[in-house]
Structure formats: C-alpha cells, structure tokens
Amino acid sequence: MFKLRRKTRHLLFAAGAGFILSALIAGSLWLAYAQQVREARQAAEVKWNQELSALKEAVEHSTVKVWVPSKPLETGQMITLEDLTQQELPKDRIPDQLLTSSEDIVGRVAKLSLQANMPLTENLLWENEPLSHDLRYREMGFIQLPEAAGNGSMVDVRIQFPTGQDYILLSKKKISELRDQDGVVTMTLDEKELLSLSSAIVDAYLHKASIYALLYVEPGIQAEAIPTYPANEAVLQLMKKDPNIVKQAELELAASARARLDGELAVMDGQSSAAYAAGLSSASGQRRISDNEAQFVMGSSD
C-alpha cells in the first residue's frame, strides 16, 4: 500500500514537472514568435517610412512652390501680399522667367489682367516707380472722352488746335474715377503735368482748341507716348498776371463739354435707344467727338 502511494506521488510529480516544462517551452516559443512579429513589424515600419520619405523627396524634387494671385487682378493694379497665395506646380510645366518669391512680386504692377492661380512671370509685371511727393488727384470735366472709357482705363490726353496741330498733353494716364452723370474724370498728376495742363486749358480757351483723350489698345504692352505739347510762354505770362484765367478757361471748357453732352442726350431722347446705338456703332473712332468733328464752341477771350 505504501509502495502504491509512493509510486502515485512520483507519477503526479512527473506529470506536474512535464506540464511545467511544456508550459515553459510553449511560453518560450510564444515569446520568440512575438519577438519575431515585433521585429517584422518594426522592419515593415522602417521600410514604409523609407519609401514614404523617398516618395516625398521625389515629389518635392518634381514640384516647386510658387506665389500666384488668389483673385483676379486688373491691369495697372499694384500687387500686395494679400493678393497672393502659395501653390505647388510640376517642374516640367513651369514657364520661363517664373517668379517664385513673393519679394519679387509684391509692390509691382500688373501689365495685363491676371487670373486667379495664374503663374506670374517677369514679362507680366511692371516695376512700380516710387510715389512722387508732388502727385495729386485732379478732377477734369472738360476732356472729351471715348465711349469705351471707364474706371481704370489708360489714356493719352491730347490738345488739337483749329489749324490741325495736335499735341500729346498727358501720356498714359490712368482714369482713377469717371462720373457717368457729368463725365468728370479723376487722374493723378505731378506738378509739371499740372502746369502743362493749366497752360493747355488757357490755350484751348483762347484759340478754340479741343482737349480729348485716346484709349490705349493694349496698355500692358504698349509703351507710354512722349508728351509733345509745348507750354506757351505767352500763356504762362498771362497766367502769372491773372491767376483766375485758368479757372475761367476751365469753366468755359467744361461748359462746352457739358453743352455737347446735353446735345447728345437730347438726340438720344428724340430717337429710340436702338436707333441711337446703331448710329454710334456706325460712327468711326467710337468717341464722343471724332477727330474730324467740330471743336469746342467756346467764348472768346474778350
């Protein structure tokens, strides 16, 4: 009986030892497997990160970051940082002379109308000249304007005498504002231009000349004309003697321009809009007053 119990104990011990040994072996195998899985995962992550880095590097080398307009910009508009946004463009689609730095763009002026997200190149922008200290806004109601003129239009202001002599008075001036109700335009002029304009106003008043404007066809491409009007020395002396002569002459010219405008409106009231529009479209030059029409009807200097 004693031997049987002893044998049973040995069997139980052996079974327990075998179970423990099996558990240890299984645990070791599980730990080894978990380690292999962890190492495989880490290797996969390293490989994935390497491939991702290589892909990012390839993308970065195949694209370039550029500054483009965030909204449409008008001809003659000065570009600010608020007008720009940054985008990435493929290197194989980059135009020549592309401007990639905002410092090369901000403060410059658009030669042409620019669309949003349009890559900016050197030939699309002007260098903006420093603002002159003697620049002033000047309202003028005596200039005969083209029908197509409007805010932002670029024009030359000219003076034509009854003898046929025609001079450029102001070159490539931007119409800052045009009041449709009375045809008064606002432009920025420097001191020299203001003096030349004053002389031309008195000249036009004394000699029944006309002051009119002509539109540029492509202001972003065409260079500005060179002013050719010579200030009249006699007129300058008259202006010195009687400073009010400029104001008087301007009022006369504005009254003449208004009279002609009223005449046009009266004609339009007497005709149908369609007939009037047809008459305008058949007229050459598309200006309120063509080069071959009569000059201003002005009072004499007496």
Of the conditions (1) open to solvent by less than 70 Å² (accessible area, probe 1.4 Å); (2) out of contact with any Pro (no Cβ under 6 Å at 6 or more places or on another chain); (3) within 30 Å of GLN77 (Cα to Cα); (4) among the hydrophobic types (A, V, I, L, M, F, W, C), the single one that LEU236 does not satisfy is (3)
Any pair with Cβ under 8 angstrom, 6 or more apart, that starts in the range 52-71 at a residue that is closer than 24 Å to ASN117 by Cα and ends at one that is modelled with pLDDT under 75 and not aliphatic (A, V, I, L, M) = SER62/ASP92
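Here is a yes/no grid of residues against (1) within 16 Å of PRO227 (Cα to Cα); (2) aliphatic (A, V, I, L, M):
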position	(1), (2)
ALA116	no, yes
ARG136	no, no
LYS172	yes, no
LYS208	no, no
Hey, does the range 248-258 have a residue that's open to solvent by less than 40 Å² (accessible area, probe 1.4 Å), within 20 Å of ARG158 (Cα to Cα), among the charged types (D, E, K, R) and at pLDDT below 90?
-> yes
All conditions in (1) open to solvent by less than 70 Å² (accessible area, probe 1.4 Å); (2) at pLDDT below 85 are true of ASP96 except (1)
Considering only the range 99-151, how many residues are open to solvent by 30 Å² or more (accessible area, probe 1.4 Å), within 11 Å of the chain's Cα centre (by Cα) and either within 20 Å of THR186 (Cβ to Cβ) or of a type in the set (Gly, Ala, Ser) (or both)?
-> 2
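Yes/no per residue for (1) closer than 30 Å to LEU125 by Cβ; (2) assigned to a strand (DSSP E or B); (3) at pLDDT below 80; (4) open to solvent by less than 100 Å² (accessible area, probe 1.4 Å):
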position: LEU4; (1), (2), (3), (4): no, no, yes, no
position: LEU11; (1), (2), (3), (4): no, no, yes, no
position: TYR33; (1), (2), (3), (4): no, no, yes, no
position: GLU39; (1), (2), (3), (4): no, no, no, yes
position: SER53; (1), (2), (3), (4): no, no, yes, yes
position: GLN87; (1), (2), (3), (4): yes, yes, no, yes
position: ASP92; (1), (2), (3), (4): yes, no, yes, no
Among all residue pairs at least 6 apart or on different chains, which show Cβ distances below 8 Å where the first residue, located in the range 105-129, is of a type in the set (D, E, K, R) and the second is not in a loop (DSSP other than H, G, I, E, B)?
-> ARG108/MET78; ARG108/LEU125; ARG108/TRP126; LYS111/ASN123; LYS111/LEU124; LYS111/LEU125; LYS111/TRP126; GLU127/VAL109
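The values are calculated or read from the model by the stated rules, or taken from the named source; none is laboratory data. Since we're looking at a predicted model, the values are computed, not measured. Neighbour counts are summed over all protein chains in view; Cβ atoms, including those assigned to glycine, are modelled from backbone coordinates with ideal geometry. Calculation scope for accessible area: heavy atoms of the full protein, side chains included, ligands and nucleic acids excluded. Shrake-Rupley method; radii C 1.70, N 1.55, O 1.52, S 1.80 Å.
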